[in-house]
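Engineer: My questions will all concern the structure given below.
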Amino acid sequence: MKRNLLLVFSIATLLAGCQGNRSGYLAEKEFYQASKKLAALKKVEAMAGVTVHEARTYVPVITAFEEIVEKYPSSSKAIESLSIIADLWAKQKAYDRARETLNKIVQNYSSTLAADARFKIAQLYEAEGKWEKAEAAYWETAEYHPLVIKGAYAPIYITGHYKKEGNQDAFERSFVKASEYYNTNLKQAGPIEASVIIHNYLALAYVMHGDWQKAKDEWLLIAKNYPKNPYAPLGILAAAETISANGKFEDGLRLYRRFFRTYPSHPFVGKSRVRIGLMYLAKRDFARSRWWLNKAISENFAKDNAAIGDLKLLIGRAFQEEGLWAEAQKVYDEIGKEHPTTVASLQVPFMVSLYYEQQNQPEKVEEILDEAIKQYELIEKEHPGTRLAKQARRFMYNAFAKKGDWDKFLANVDQDIVNEKNSVIQGRWLLLKGLIAENRLKDKEKAVTLYQDFLQKHPEHPQANVAKSHLEALSKN
């Protein structure tokens, strides 16, 4: 009898597991189909260069995701679906519907997901221009979720809003409220690992307020009390960066060295050495700058061709700014030979042309830039569609601009407009033509025509207000 009961229980458990797996599979399958509909909608938006606002366009997509929520409410895809539905309602400016959808996440899912949803609700109030309700919703996020990132971040966000707005009284009030909130929660949480998040955001609040010594102490407290926490090494780095940026370079350097000793295998060791090299370069201590950059190459980036190229370019720059041109030229030649297909190699002609510009040799500058343009065109031809080719084209534009060859610059812009399928990017190119006509060619009529053409073709472009403001200014002149 016991064996039979055990067998029945085992079969029931197995069937329940299979049912759960099948439910998850079906949710994944339907989510995939709904996502295809969403991708098609986004493609239409990208081609048009605007967000499609007609509700009927969104209905099939929203319905597809709503069915997933209804059929598989406990699946991870249900949560993703609710978030997507909320975004689609928000795009239609149906903010109440979006918030209603997000509230389902708040009521039914974990603290982290609920915190994210509450934060989005606050953002929707802000998008509507209802800041008082937004602020209340941000504080609600903070009060309900003090140990979750979005909850801990909310008071910082509010304080930053008033700082950006230039409202000093509201900024001071929100800073005081935020710092009291963090300190109260630290006392309530006690010495637990999760309180590290609160320490970090309290430090950020101090930085925003200009209390960088308090920020440093707060970050170092994380490293002292929770040395194995992932935030501990980042706390030391943040403290080092903060005090270095506020005139305490030697104290900052000691903290960097502490970081190297305590966390020698941390992934940020190499970047931190580069950071020190850059700080020495800014202080015009060229020898020490090169020492740190070379140390980063030998110990952290020895197998990273692109990074080595970038660091050698900085080393060459350090020689050049020190007035040691022969040494700088050796480094630049080395980059061309050993790292030819890197972004650093593409930048070398500008460093070299700068030297000859300072030597008052315009013919040499012209020759270097002409040769660079040929190099960029060759890279585009030999490496089509790659990141390197895109960078080469960007530097080619820079070379035309440096030469003042606006005819060739604009001819290439026209080519890019023809080749570009994305309406937003097309609009950017057309707006750029207007700006060049106005500011470089000093051709008022051409600029007006180009701005008008831009607004006619891309009336809802994100930069439409830029064109309008330039048109208004030109009309007054």
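Engineer: Please pick out the residue among Ala287, Ala238 that is aliphatic (A, V, I, L, M) and either crowded, with 16+ Cβ neighbours inside 10 Å or closer than 27 Å to Ser195 by Cα (or both).
Structural biologist: Of Ala287, Ala238, the one residue that is aliphatic (A, V, I, L, M) and either crowded, with 16+ Cβ neighbours inside 10 Å or closer than 27 Å to Ser195 by Cα (or both) is Ala238.
Engineer: Among the listed residues Ile121, Ile156, Ile149, identify the single one that is modelled with pLDDT under 95 and open to solvent by 10 Å² or more (accessible area, probe 1.4 Å).
Structural biologist: Ile149
Engineer: Just give me the residues in segment 108-137 being touching a residue at least 12 places away in the same chain (Cβ under 8 Å), over 20 Å from Tyr153 (Cβ atoms) and assigned to a loop (DSSP other than H, G, I, E, B), in sequence order.
Structural biologist: Selection gives Glu128 alone.
Engineer: If I filter segment 458-476 for residues that are out of contact with any helix residue (DSSP H, G or I) (no Cβ under 9 Å at 6 or more places or on another chain), open to solvent by less than 80 Å² (accessible area, probe 1.4 Å) and of a type in the set (S, T, N, Q), do I get at least one hit?
Structural biologist: The answer is yes; a qualifying residue exists.
Engineer: Taking the condition of being aliphatic (A, V, I, L, M), open to solvent by 60 Å² or more (accessible area, probe 1.4 Å) and in a helix (DSSP H, G or I), how many residues in segment 241-264 meet it?
Structural biologist: Summing the residues that are aliphatic (A, V, I, L, M), open to solvent by 60 Å² or more (accessible area, probe 1.4 Å) and in a helix (DSSP H, G or I) in segment 241-264 gives 0.
Engineer: Let me ask something else. Could you list all residues from segment 438-457 that are polar (S, T, N, Q) and surrounded by 13 or more Cβ atoms within 10 Å (Cβ to Cβ)?
Structural biologist: Correct list: Thr449, Gln452.
Engineer: Given the criteria closer than 16 Å to Met351 by Cα, in contact with a His (Cβ under 8 Å, 6 or more places away or on another chain) and not polar (S, T, N, Q), does Gly316 qualify?
Structural biologist: No; evaluated as a whole, the condition is false for this residue.
Engineer: Output the residues belonging to segment 216-226 that are assigned to a helix (DSSP H, G or I) and more than 15 Å from Ala152 (Cβ to Cβ).
Structural biologist: Hits for segment 216-226 are Lys216, Asp217, Leu220, Leu221, Ala223, Lys224, Asn225.
Engineer: Right, something else. Please work out which residue is most open to solvent (accessible area, probe 1.4 Å), limiting yourself to segment 300-323 and to residues that are over 20 Å from Ile276 (Cα atoms) and free of Cβ contacts under 8 Å to residues at least 24 places away in the same chain.
Structural biologist: Top of the filtered list is Lys303.
Engineer: Just to check your reading of the model, which residue among Asn183, Asn200, Asn229 is assigned to a helix (DSSP H, G or I), more than 24 Å from Trp131 (Cβ to Cβ) and in contact (Cβ under 8 Å) with a residue 24 or more places away in the chain?
Structural biologist: That would be Asn200, the only listed residue that is assigned to a helix (DSSP H, G or I), more than 24 Å from Trp131 (Cβ to Cβ) and in contact (Cβ under 8 Å) with a residue 24 or more places away in the chain.
Engineer: Only residues that are surrounded by 22 or more Cβ atoms within 10 Å (Cβ to Cβ), over 16 Å from Ile149 (Cα atoms) and hydrophobic (A, V, I, L, M, F, W, C): list them for segment 195-218, please.
Structural biologist: Listed by number, the list holds a single entry, Ala215.
Engineer: A further question follows. Take the residues in segment 55-107 that are outside any helix (DSSP H, G or I) and loosely packed, with under 15 Cβ neighbours inside 10 Å, then tell me which one is modelled with the lowest pLDDT.
Structural biologist: Taking the candidates together, the pick is Ser74.
Engineer: Given (1) surrounded by 14 or more Cβ atoms within 10 Å (Cβ to Cβ); (2) small (Gly, Ala, Ser); (3) over 27 Å from the mean Cα position of the chain (by Cα), identify the lone condition not met by Ser423.
Structural biologist: Checking Ser423 against (1) surrounded by 14 or more Cβ atoms within 10 Å (Cβ to Cβ); (2) small (Gly, Ala, Ser); (3) over 27 Å from the mean Cα position of the chain (by Cα), the one that fails is (3).
Engineer: Can you name the number of the only condition in (1) assigned to a helix (DSSP H, G or I); (2) in contact (Cβ under 8 Å) with a residue 12 or more places away in the chain; (3) of a type outside the set (A, V, I, L, M); (4) over 21 Å from Ile243 (Cα atoms) that Pro191 fails?
Structural biologist: That leaves (1) as the condition not met.
The values are calculated or read from the model by the stated rules, or taken from the named source; none is laboratory data. Please read these numbers as outputs of a predicted model, since none were measured by experiment. With ideal geometry, Cβ positions are generated from the backbone for all residues, glycine too; neighbour counts draw on all protein chains shown. Calculation scope for accessible area: heavy atoms of the full protein, side chains included, ligands and nucleic acids excluded. Shrake-Rupley method; radii C 1.70, N 1.55, O 1.52, S 1.80 Å.
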